[in-house]
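Worksheet: one structure, shown below.
The values are calculated or read from the model by the stated rules, or taken from the named source; none is laboratory data. All values reported here derive from a predicted model rather than from experimental measurement. Glycine gets a Cβ as well: all are built from the backbone with ideal geometry, and neighbour counts include every protein chain shown. Please note that ligands, DNA and RNA were not included when accessible areas were found on the heavy atoms of the full protein model with its side chains. Shrake-Rupley method; radii C 1.70, N 1.55, O 1.52, S 1.80 Å.
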Amino acid sequence: MKLQESPRSPASITQLLWFFGIATVVKLLLIPAYYSTDLEVHRHWLAITHSLPLGQWYYDETSEWTLDYPPFFAYFERFLSFFAPLIDPWIVHLHHGLSYKADSSIYFQRISVIVSDLFLQYGVHISTRNLASLKRNLVWVFVIWSPGLLIVDHLHFQYNGFLFGWLLLSISFLAQGRDLMGGFMFAVLLCFKHLFAVAAPVYFVYLLRHYCRGGLVRGFARLSVLGAIVVAVFAAAYGPFVYHGQIQQVIRRMFPFGRGLCHAYWAPNFWVFYIVLDKGIAFLLRKFGFDIPSPVASFTGGLVGDASPFAVLPRITPMTTFIMVLLALSPCLFKTWRYPRPRLIARSVAYAYTCGFLFGWHIHEKASLHISIPLALVAVESLEDSKHYFLLSVVSCYSLFPLIYEAQEYPIKVLLLLLLLHTILMWFCFSALFPKIIGTKGSLQSDKKATQSDSKGISRTAAEKQWFELGWVAKSYLLGVVVVETWGQFLHPYLLGDKLPFLPLMLISMYCAIGISYSWIWQLKRIIILS
Amino acid sequence: MEITLNIPAKDWYRNSTFNDLSYWGLDYPPLTAYQSYIHGAFLKTFDPDSIALFTSRGYESYLGKLLMRWTVLSSDVLIFFPAVLYIVLVYCSMQLCIGQNNDVAWHVAMILLNPCLILIDHGDFQYNCISLGLTIAAIAAALSQKDLVASVLYCLALNQKQMSAYFAPAFFSYLLGTFSVAWWPYLQSKEAALAVLSRLAPFERGIFEDYVANFWCTSSMLVKWKKLYSTQSLRIFGLAATLLTCLPSMVQQVLAPSSKGFLYVLLNSSQHHFSSFKYAVHGKSILLPLLPLTLLALEVHQSLLWLTHFAMFSMFPLLHRDKLVLAYIALYALFLLVYFAPGGPSGRRNGSKTRDHSQTTKIGMEFISSIAFHPLVMGFLGLCSLVLHVIYITMHPTNKYPFLFEAVIMLICFSQFVLFTLQFKAVDAIETSNIKS
């Protein structure tokens, strides 16, 4: 699509709707496919918010799927539940609706996710308004046709689409310098899903330094305004529950203790290495004759008294992970403190989520979406960014594969999502953006204002290749993905049968963790270099 | 798969205690049998119960169904996709079109995303992709002057599904003895060969099966053919009528052969066979005229949209029975979206971009197009189809005429198919008169 028209013209809206149309068709075709228990979870929340008064939402125990999202999400479910009884009243029935698997219920919920994705379109549209048409289309491809989002939202079933739209809106407001709006939107987002709070330190530092400046008095006044807005948002969300005196219960539901360091399937983060190291050392020490007792507790279960799931290495507690996340985040916070630039906000937010993903407590692999969606905005800025994004996107999509484990979705996962469409699409897109023109530096600094470091960076690489091509390390890593998948799916059952059943998943975790750790370090370097 | 895996080859088409022909006996030529054997071997490794002799009849399991769907998918990817790439590359390299690079991608998408093929092969479950893929590859080979390869591929296609014979008049000059290799087990005796033949041309079925938008079915609402004439005479009528209507285009091609003409003859011969007078047509045969039309997509994209719409519509009752309405809507929407892709050929103003049409042909074609594709006409037809879709799903017909809605749908589709045939005949006539002058 090489149309050249102004970003705000009707033709670009048509193009955006075209992207949305194609994505919607694929989502419609996926309606009869696999869904996880999350479908029942959200259906039950529809029932709770519809059938019970506000005061009972966070106390209800009719089903094991209790409400564990902040109040705005509960209001959202309430809004949806206005429409559900029009289709089929049993969807929202508290008792009879339990594990209700009728077509009407499934179709209603699936279509509600598809419709709520309109907000994602809006968020992407606003975020990319000022880009040239080719770059804009690329970002749309990465976000609207994101395979990870498709797997999590439309197969596994969640409502992340519109939440990411909100995040993208918030980031774009900050990037345009409208700090108050950006802060306000982020506060609202926190009241939808508290997982987004990992980026809160970045927001706080940035807003403090960028918005609240200009002397002590003015700064303090602005701080008060900001604080008042945030408090107002939280009041709107939690107010009714404070009124009922239920705030403790709400907090307890939102942050359930008693879960282990890792999810049942280990998210590909730092703790995978830690656990494997622990087991490895224990194994070696036993070989050398030391007596190492096997740990009683498990990684996925809760904290049991003083028992540690680790045989040799020190025990990890939620506080440890919290400190480590902050430590990892600190260079970025420091950088933001010194140079609060609007242009770097998307990167900083993505970096915050990367740190949270790598070092957090009980992280789901779905959280890798929080890294890849904001980074899509900056993937088109330079050659280095695009190479990095290519790698990251493939790794994060691959790490989501274990979510969809039934045989019938296997061709969809591999062919449609990862291999054919996404990888090849990305390759074509980036090659179109950075074609093989040798020696012309100017062509890479398209229509954006080149900053000091950008031109420095490019003059450094002027002697190197300037078209889109991956180095041999990246290529062999991606080849390794194919190897890991072949082992897990085909060779392992054939060679080892039922022995070591956890091995394929562990391999996937570890292999992706390598990729994500590389991304973390790369992003850190990039943030420090750019100013 | 059960039959080919468990019974020796010479008995596949013969009625016996093991092979009960009345229970879905083999009614396609030997290549389908061989392909079933290979797929059966694949299934046997993972789910032997699904193809065990006798006990697997009516057997349905999650794994069995999944594996069977994957055999269609793999055949599609291995045979149809490469064939499509081959022909699009040949087509564009032959300068048959003056298009941009985008057009190659659009053309490939139009052929691969043909909603009728996807719904029939992967929804209803058939293996049309193999015979259509082989036919496409044969056409591509013929267009690039590789006659031997073309004839081999077409013979294979013909031996996969006898429906490919609709293209036979066009391929007539390319048929070679490759045919005899596939038929080897059955050429041992006259009886064996006849046994295969009688399975392939099931005349004991009626003149039409299910509700099909063709001449016999439509006119049977007025004239009860089945009551008036015997099966034998109807068979002869059908054959004669088909050949007669095909003759002009065949003669044309013999007198003035051309690559472009070859594609049009493919279109015409299959169109005649299907819509007009062919005996014992099944509704799924609409795939055949659709095939050459998709190959000509860059030139005649309005006709493609038109024919695809009514082909889909004519299949709607069948798909509704198969509970494929969601897939129907989604795939049709996808087809429309890619068809109207921003920057694609249908967005541009100029219609026909071919070089070898003269001025009078262009005027003639534009005249026909302006009538046939007038926005009001298309809008009206579109609205009618939409209303009928909704009626079909929501309302129940009276007991007196239980197939009322099917008949109405079929009548509309047939009228469109006839108009379509006439349009291309007119184009052909203009072209011939042009060449002569």
Checklist entry - In chain A, which helices (entire DSSP H runs) extend 20 Å or more along their own long axis, judged by Cα positions, while averaging at least -0.5 on the Kyte-Doolittle scale? => result A:10-29, A:71-87, A:103-127, A:160-175, A:216-243, A:270-287, A:318-338, A:345-359, A:383-399, A:472-486, A:503-529
Checklist entry - Going highest first, how would you order A:89-99, A:148-158 by mean Cβ packing within 10 Å? => result A:148-158, A:89-99
Checklist entry - Per the 1.4 Å probe, what fraction of the accessible area of the range A:180-278, in percent, lies on carbon and sulfur atoms? => result 75
Item to check | Only Lys, Arg (+1) and Asp, Glu (-1) charged, at Cβ; chain A dipole about Cα centre in debye | outcome: 2120
Item to check | Estimated FRET transfer efficiency (A:Thr486, B:Ala41; beta-carbon r; R0 25 Å; 0.05) | outcome: 0.65
Checklist entry - Taking only the alpha carbons of the range A:74-215, what extent do you get along each of the three principal axes, in Å, biggest first? => result 61, 37, 23
Checklist entry - Efficiency by 1/(1 + (r/R0)^6): what FRET value for A:Ile13 and A:His244, r their Cβ-Cβ distance, R0 = 56 Å, to the nearest 0.05? => result 0.80
Item to check | Charge dipole magnitude, Cβ of K and R +1, D and E -1 - the range B:1-78, Cα centre, debye nearest 20 | outcome: 100
Checklist outcome for this item: Each label sits 7 Å from Cα toward the beta-carbon; between A:Tyr410 and A:Met319 the label points are separated, in nm, by 4.8
Next on the checklist: Just want the answer: with Cβ charges of +1 for Lys and Arg and -1 for Asp and Glu, which residue in A:Thr24, A:Leu167, A:Phe290 is farthest toward the dipole's positive end in chain A?
Outcome noted: A:Leu167
Checklist entry - Between A:Ile251 and A:Leu505, what length comes free when the chain is fully extended (0.36 nm per residue of separation minus the Cα-Cα distance, one decimal in nm)? => result 88.2 nm
Next on the checklist: I'd like the mean, over residues of B:319-328, of how many other protein chain beta carbons sit within 10 Å of each residue's own Cβ.
Outcome noted: 1
Checklist entry - When the distances between all Cα atoms of the range B:287-345 are binned every 5 Å from zero, what whole-number percent does each bin get? => result 4, 17, 25, 25, 17, 9, 3, 0
Checklist outcome for this item: Of the residues A:Trp65, A:Tyr75, A:Val217, the Cα lying farthest along the dipole of chain A towards its positive end, which is defined by charges on the beta carbon of Lys, Arg, Asp and Glu, belongs to A:Val217
Checklist entry - Under unit Cβ charges (Lys, Arg +1; Asp, Glu -1), what dipole magnitude, rounded to 20 debye, does the range A:1-160 have relative to its Cα centre? => result 900
Checklist entry - Can you give the convex hull volume per residue for the Cα atoms of the range A:150-240, as a whole number of Å³? => result 94
Item to check | Directionally averaged projected area (convex hull, Cα atoms, the range B:112-161), nm² | outcome: 3.4
Next on the checklist: Let me test this: with uniform point scatterers at the alpha carbons of the range A:138-202, what is the Debye-based log₁₀ I(q)/I(0) at q = 0.16, 0.22, 0.24 1/Å?
Outcome noted: -0.59, -0.97, -1.06
Checklist outcome for this item: Regression test value, accessible area per residue of the range A:1-110, probe 1.4 Å, units Å², expected 45
Checklist entry - Quick one: net charge of B:Leu63's neighbours, Cβ under 15 Å, K/R +1, D/E -1? => result -2
Next on the checklist: Could you order the peptides A:14-25, A:344-355, B:376-387 from most to least packed, using the average number of other C-beta atoms within 10 Å per residue?
Outcome noted: A:344-355, A:14-25, B:376-387
Checklist outcome for this item: On protein heavy atoms with a 1.4 Å probe, the accessible surface that disappears when A meets B, both sides summed and given to 100 Å², is 1400
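Averaged over all directions, how much area does the convex hull of the C-alpha atoms of the range A:1-134 cover when projected, in nm²?
The number I arrive at for the range A:1-134 is 9.8 nm².
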Checklist entry - Over the alpha carbons of the range B:4-120, what is the largest minus smallest coordinate on each principal axis, giving the biggest first in Å? => result 60, 31, 23
Item to check | Per-residue SASA entry for A:Glu61, accessible area with 1.4 Å probe, Å² rounded to 10 | outcome: 140
Checklist entry - Based on DSSP H runs of at least 4 residues, each adding -39500 (n - 2.57), what is the mean residue ellipticity at 222 nm of chain A after dividing by all its residues, to the nearest 500 deg cm²/dmol? => result -19000 deg cm²/dmol
Checklist entry - If you count, for every residue in B:66-73, the Cβ atoms of partner chains within 10 Å of its Cβ, what is the mean? => result 2
Checklist entry - Extension gain B:Lys10-B:Asp124, at 0.36 nm per residue separation less the Cα-Cα distance, in nm? => result 38.1 nm
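Summarise the partner chain shielding of A:16-24 as one whole number: the mean count of Cβ atoms from other chains within 10 Å of each residue's Cβ. Before the final figure, lay out each step's value.
Working: counts 0, 2, 6, 2, 1, 6, 5, 0, 4.
Partner Cβ neighbours, averaged per residue: 3.
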Checklist entry - Tell me, what does the Kirkwood hydrodynamic radius of chain A come to in angstroms if you use every pair of distinct C-alpha atoms? => result 24.8
